[in-house]
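Rule-based calculations on the coordinates, nothing more; no lab input. Treat the numbers as computed from the prediction; the structure is a model and nothing was measured. Here Cβ is always computed from backbone atoms with ideal geometry, including for glycine, and neighbour counts include all displayed protein chains.
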Amino acid sequence: MDRRTFARRVAAAVPALAALASTARESRAQQGAPPAAPPAGRGQMDGSPVGDPLPGQKWRAHDRARPQPRKVVPGQPVPTPAAPSDAVVLFDGKDLSGWTTDKGAPAGWLVRDGYMEVVKKTGSIQTKQGFGSSQLHVEWMAPSPAVGSDQDRGNSGVFLMNTYEVQVLDSYGSKTYADGSAAAIYGQYPPLVNACRKPGEWQTYDIVFHAPRFDDRGGLVSPARLTVFHNGVLVQDNEELTGPTGHKVRPPYKAHPDKMPLGLQDHGHPVRYRNIWVRELK
Ligand code: MG
């Protein structure tokens, strides 16, 4: 479809998206009673509940009793917008010159046919350039045929400021704890709905990230906030992060620079990425 038709369709969809978000929020608020408080300390990955309490929520991190996100079939076609004129293109399909490992070595992921692919054990990668508050577009694909289950299936992650993870996972036909699903703010907020496409199909994340702000003494002035569209469907609606994302833990905020690299996770699975660009928000 042409640009104008596409814009009209997006505009027409916005009220519906907003209504969907508020309905989802209500249902989130009405979710059933939480399970009995677990014993002190952290439980097991296969147990429930398993992690730290989440402030303002009924659930503990990675709680398997937390309801699964409702499935939504995203619309077609997959939008693969070209970068706007003021965007910084982080990956144009040709090379990883803008990326390093977290130790500063050359990024070891495969580049082929316009995409990059995680190469197991070469390590997570990060941009050379730092970013703060920003609009980010990322396209990713879970491996096909799918291998594994739960967290061991198409796992990677988009790390804003190398600290705050929007989960990448094959959640199409595979369950995990809700706050570890695709498009979850890992360990904090499940997506409002499950808008996953099949493994082997390109998927989009459009992310609006507001960096946390700290005062001169390192105290938190305002928390990080995230809005995420997964395949064009609103899945995170301006959520306030409780701090850095973590596995089974809820670490407190720790003052960090205003700009930090964007990270992509090597979780040992050959997840692919393409068409990554960012617009800084002043
Ligand atoms: Mg991950």
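One residue stands out in region 172-182 among those that are assigned to a loop (DSSP other than H, G, I, E, B) and in contact (Cβ under 8 Å) with a residue 60 or more places away in the chain: the one that is nearest to the ligand (Cβ to nearest atom), namely S181. Just one of the numbered conditions (1) within 20 Å of the chain's Cα centre (by Cα); (2) surrounded by fewer than 22 Cβ atoms within 10 Å (Cβ to Cβ); (3) assigned to a strand (DSSP E or B) is not true of V111: (1).
Can you name the residue in region 210-234 that is touching a helix residue (DSSP H, G or I) at 6+ places or on another chain (Cβ under 9 Å) and hydrophobic (A, V, I, L, M, F, W, C) and is also farthest from P53 (Cα to Cα) among such residues? Taking the candidates together, the pick is V233.
The rows are residues; the columns are (1) away from the ligand (no atom under 15 Å from the Cβ); (2) within 14 Å of the chain's Cα centre (by Cα); (3) over 21 Å from Q126 (Cα atoms).
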site	(1), (2), (3)
A184	no, yes, no
R217	yes, no, yes
L220	yes, no, yes
G246	no, yes, no
P252	yes, no, yes
L264	no, yes, no
H269	no, no, no
E280	yes, no, no
